[in-house]
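The structure appears below as structure tokens.
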Amino acid sequence: MDRNLDRRDFLKTAFVGTASIAALPEIATTVFGKEDSSNQNMGGNPKVAHELPKLPYAYNALEPVIDEQTVRLHHDIHHAAYVKGLNLAEAKLDEARKSENYDLIKHWEREAAFHGSGHILHTIFWENLSPNGGGEPDGELAEAIKKDFGSFGACKAQLTAASILVEGSGWGILAYQPIFTKLVILQAEKHQDLTQWGAIPLLVIDVWEHAYYLKYQNKRADFVANLFNIINWKNVEERYKKALKG
Ligand code: MN3
């Protein structure tokens with residue numbers, strides 16, 4: 001199937017008559033990275049804007065745990081908006097440095113933290129999932145989980161509770177903390193609040209309503225429970241090994 005045609009048709013049919021349509025063409029043309037020529041007069045290489053990564057599987061590949069429409073909205077609209085917001089924040093900070101006008105520094109630093117964290121977490125989230133996922137981790141990651149949480153069951157129970165009980169929009173996160181040389185479980189509110197400096201996210205569970213509401217409505221706990229059936233533990237273990245190496 002022509003992926004672009006498919007996507008255009010989806011956008012046309014899914015959003016006709018909603019307020020969101022006004023924002024769509026702009027999002028659609030900015031999710032793919034473009035060279036930013038504005039930096040060329042700084043003498044360095046032209047900067048390449050952040051890009052929306054392609055999904056590592058088909059939009060419907062995660063069904064029935066996550067339905068196709070949710071994946072399309074989540075990736076093509078929400079994740080794309082974080083990429084766009086991050087690129088805008090970086091461009092505005094670039095402008096501020098050139099003009100030496102820092103009147104809006106608090107705003108653009110906040111935007112860079114929010115959208116940058118959103119882009120990073122979603123990129124990991126898509127790779128953490130697989131239609132062939134589920135089960136339990138093995139190898140080095142399994143050993144580390146046992147050492148730091150007592151058992152896989154205890155780790156899963158803590159990560160599940162942390163994810164379900166995020167106040168408002170946010171994430172449950174299994175991370176490696178190189179400063180403490182151990183695995184930790186954290187919550188993130190929005191994308192960037194409550195983090196622990198230095199922690200490297202390995203497995204992230206998106207509990208914003210956009211991640212599950214079409215199919216699960218208010219049943220966040222059911223979504224989190226089902227998500228464990230599509231966790232790609234090989235990907236989590238690869239991230240752990242990279243994190244250990246620094
Ligand atoms: Mn999300």
Looking at (1) more than 14 Å from the ligand (Cβ to nearest atom); (2) assigned to a helix (DSSP H, G or I); (3) of a type outside the set (Val, Ile, Thr), which is the only condition Glu63 fails? (2)
Checked Lys54, Lys106, Lys84 against criteria (of a type outside the set (A, V, I, L, M), within 16 Å of the ligand (Cβ to nearest atom) and open to solvent by 40 Å² or more (accessible area, probe 1.4 Å)); the one match is Lys84
Would you be able to say whether some residue in the stretch 88-111 is outside any strand (DSSP E or B), within 28 Å of Tyr59 (Cβ to Cβ) and of a type in the set (Ser, Thr, Tyr)? no
Against the definition (outside the structural domain of Tyr213 (by TED's automatic domain parsing) and either farther than 14 Å from Leu227 by Cα or not aliphatic (A, V, I, L, M) (or both)), how does Ile185 come out, yes or no? no
For the subset of the stretch 205-223 comprising residues that are of a type in the set (A, V, I, L, M, F, W, C) and within 10 Å of Val166 (Cβ to Cβ), which member is nearest to the chain's Cα centre (by Cα)? Ile205
Where the second residue is of a type in the set (Ser, Thr, Tyr) and the first is open to solvent by less than 20 Å² (accessible area, probe 1.4 Å) and lies in the stretch 211-234, which pairs have Cβ atoms under 6 Å and are six or more apart or on separate chains? Phe223/Tyr212; Phe223/Tyr216; Val224/Thr160; Val224/Ser163
Cβ-Cβ distance below 6 Å, separation of 6 or more or different chains: which pairs start in the stretch 107-122 with a residue that is assigned by TED's automatic domain parsing to the domain that holds Leu86 and end on one that is assigned to a helix (DSSP H, G or I) and among the hydroxyl-bearing types (Ser, Thr, Tyr)? His115/Tyr82; Gly118/Tyr82; His119/Tyr82
Within the stretch 165-194, tally of residues that are within 16 Å of the ligand (Cβ to nearest atom) and β-branched (Val, Ile, Thr): 2
So which helices (runs of 4 or more DSSP H) are wholly in the stretch 187-246 and hold at least 3 residues that are touching a Leu at 6+ places or on another chain (Cβ under 7 Å) and either modelled with pLDDT of 95 or more or not aromatic (Phe, Trp, Tyr) (or both)? 233-245
Residue satisfying condition, being over 14 Å from the mean Cα position of the chain (by Cα) and not assigned by TED's automatic domain parsing to the domain that holds His122, within set Leu202, Leu227: Leu227
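The values are calculated or read from the model by the stated rules, or taken from the named source; none is laboratory data. As the structure is a prediction and not an experimental result, all values here were calculated from the model. In this analysis, Cβ positions are derived from the backbone assuming ideal geometry, glycine residues included, and neighbour counts consider all displayed protein chains. Just the protein is used for accessible areas: all its heavy atoms, side chains included, with ligands, DNA and RNA removed. Shrake-Rupley method; radii C 1.70, N 1.55, O 1.52, S 1.80 Å.
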